[in-house]
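Chemist: Handing you this structure, nothing more for now.
The values are calculated or read from the model by the stated rules, or taken from the named source; none is laboratory data. Owing to the predicted nature of the structure, the values given are computational and were not obtained by experimental measurement. All Cβ positions, glycine included, derive from the backbone under ideal geometry; neighbour counts span all protein chains shown.
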Amino acid sequence: MKHLEEGTTVICDRYAYSGVAFTASKGLDLEWCKAPDRGLPRPDAVLYLDLAVEDAMKRGEFGNEIYEKEDIQRTVKSIYEKELWEDSYWHRIPANTTQDQLHKSLSDMAMKVIAAIPGDSKAPETLWT
């Protein structure tokens, strides 16, 4: 937490949201799924890679992982978009593009978010409190 308060930029893949979405997709109560991560630092931004399930299924080796099943992916996508989405800091990034286009979109958005972070040292907001 000290590093965040000092202004260190952290970029991570996934975070608390994926655990909540995939656990809730099994039919568990969403608030119960959030409980273990309640109070963690809230990110300045979530970059949501938006890809239709049909398009994901066309990609190589789809289905080899336990959660790579059409029904699970549809449920998880719905949980992200209807239950976890926060307009103030979630950003939809179209993912049905080339790798180069996706890289540029992600890099551009990350730089925009980093540039907008205030310079003052304050404790980050927290998740679900």
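Chemist: May I ask you to verify whether Glu65 is touching a helix residue (DSSP H, G or I) at 6+ places or on another chain (Cβ under 9 Å), under 16 Å from Ser25 (Cβ atoms) and loosely packed, with under 14 Cβ neighbours inside 10 Å? Spell out the reasoning first.
Modeler: On the way: touching a helix residue (DSSP H, G or I) at 6+ places or on another chain (Cβ under 9 Å): no; under 16 Å from Ser25 (Cβ atoms): yes; loosely packed, with under 14 Cβ neighbours inside 10 Å: yes.
So Glu65 fails the test.
Chemist: Being closer than 29 Å to Pro118 by Cα, in a loop (DSSP other than H, G, I, E, B), under 17 Å from the mean Cα position of the chain (by Cα) and of a type in the set (Ser, Thr, Tyr): is that true of Ser18 here? Quick ask: steps written out before the conclusion?
Modeler: Numbers: closer than 29 Å to Pro118 by Cα: yes; in a loop (DSSP other than H, G, I, E, B): no; under 17 Å from the mean Cα position of the chain (by Cα): yes; of a type in the set (Ser, Thr, Tyr): yes.
Against the criterion (closer than 29 Å to Pro118 by Cα, in a loop (DSSP other than H, G, I, E, B), under 17 Å from the mean Cα position of the chain (by Cα) and of a type in the set (Ser, Thr, Tyr)), Ser18 does not qualify.
Chemist: Has region 82-92 got at least one residue that is under 18 Å from Ala56 (Cβ atoms), part of a loop (DSSP other than H, G, I, E, B) and among the hydrophobic types (A, V, I, L, M, F, W, C)? First the steps, then the outcome.
Modeler: Taking region 82-92 as the starting set, the residues that turn out to be under 18 Å from Ala56 (Cβ atoms) are 92.
Then keep just the ones that are part of a loop (DSSP other than H, G, I, E, B); that gives none.
Within region 82-92, not a single residue is under 18 Å from Ala56 (Cβ atoms), part of a loop (DSSP other than H, G, I, E, B) and among the hydrophobic types (A, V, I, L, M, F, W, C).
Chemist: Does region 79-99 hold any residues that are surrounded by fewer than 11 Cβ atoms within 10 Å (Cβ to Cβ) and over 24 Å from Ile117 (Cα atoms), and which are they?
Modeler: Lys82, Thr98, Gln99
Chemist: Hey, another quick one. Take Val113 and decide whether it is closer than 30 Å to Glu5 by Cβ, in a helix (DSSP H, G or I) and touching a residue at least 12 places away in the same chain (Cβ under 8 Å). Show your work before the answer.
Modeler: Values: closer than 30 Å to Glu5 by Cβ: yes; in a helix (DSSP H, G or I): yes; touching a residue at least 12 places away in the same chain (Cβ under 8 Å): yes.
The answer is yes for Val113.
Chemist: Please go through region 25-59 and give me each residue that is more than 15 Å from the chain's Cα centre (by Cα), aliphatic (A, V, I, L, M) and under 29 Å from Leu102 (Cα atoms), ordered by number.
Modeler: Looking only at region 25-59, we keep the residues that are more than 15 Å from the chain's Cα centre (by Cα), and these are 25-33, 35-36, 38-39, 52-59.
If we keep only those that are aliphatic (A, V, I, L, M) too, we end up with 28, 30, 35, 52-53, 56-57.
Result: Ala52, Val53, Ala56, Met57.
Chemist: Right, here's the next one. How about region 65-85: which of its residues are under 16 Å from the mean Cα position of the chain (by Cα) and not hydroxyl-bearing (Ser, Thr, Tyr)?
Modeler: First, the residues of region 65-85 that are under 16 Å from the mean Cα position of the chain (by Cα): 73-85.
Hits for region 65-85 are Gln73, Arg74, Val76, Lys77, Ile79, Glu81, Lys82, Glu83, Leu84, Trp85.
Chemist: Looking at region 86-100 only, could you name the residues that are under 19 Å from the mean Cα position of the chain (by Cα) and free of Cβ contacts under 8 Å to residues at least 12 places away in the same chain? I'd like the intermediate steps shown before the answer.
Modeler: Quick first cut of region 86-100, residues under 19 Å from the mean Cα position of the chain (by Cα) only: 86-97, 99.
Result: Asp87, Ser88, Thr97, Gln99.
Chemist: Moving to a separate point now. Out of the residues in region 5-44 that are under 17 Å from Trp128 (Cβ atoms) and among the aliphatic types (A, V, I, L, M), which is surrounded by the most Cβ atoms within 10 Å (Cβ to Cβ)? Show your work before the answer.
Modeler: Taking region 5-44 and keeping what is under 17 Å from Trp128 (Cβ atoms), we get 14-24, 28-44.
Checking the rest, the ones that are also among the aliphatic types (A, V, I, L, M) come to 16, 20-21, 24, 28, 30, 35, 40.
Working: Ala16: 19, Val20: 26, Ala21: 21, Ala24: 21, Leu28: 11, Leu30: 13, Ala35: 11, Leu40: 15.
The qualifying residue surrounded by the most Cβ atoms within 10 Å (Cβ to Cβ) is Val20.
Chemist: Restrict the check to region 44-56 and report whether at least one residue is within 24 Å of Lys122 (Cα to Cα) and not in a strand (DSSP E or B). Let's see the steps before the verdict.
Modeler: Narrowing region 44-56 to residues within 24 Å of Lys122 (Cα to Cα): 44-47.
Adding the requirement that they be not in a strand (DSSP E or B) leaves 44-45.
Checked against the condition, which is being within 24 Å of Lys122 (Cα to Cα) and not in a strand (DSSP E or B), region 44-56 yields at least one hit.
Chemist: Tell me, please, whether a residue that is aromatic (Phe, Trp, Tyr) and at pLDDT 95 or above can be found in region 54-72. Give the derivation first.
Modeler: Taking region 54-72 as the starting set, the residues that turn out to be aromatic (Phe, Trp, Tyr) are 62, 67.
If we keep only those that are at pLDDT 95 or above as well, we get none.
No.
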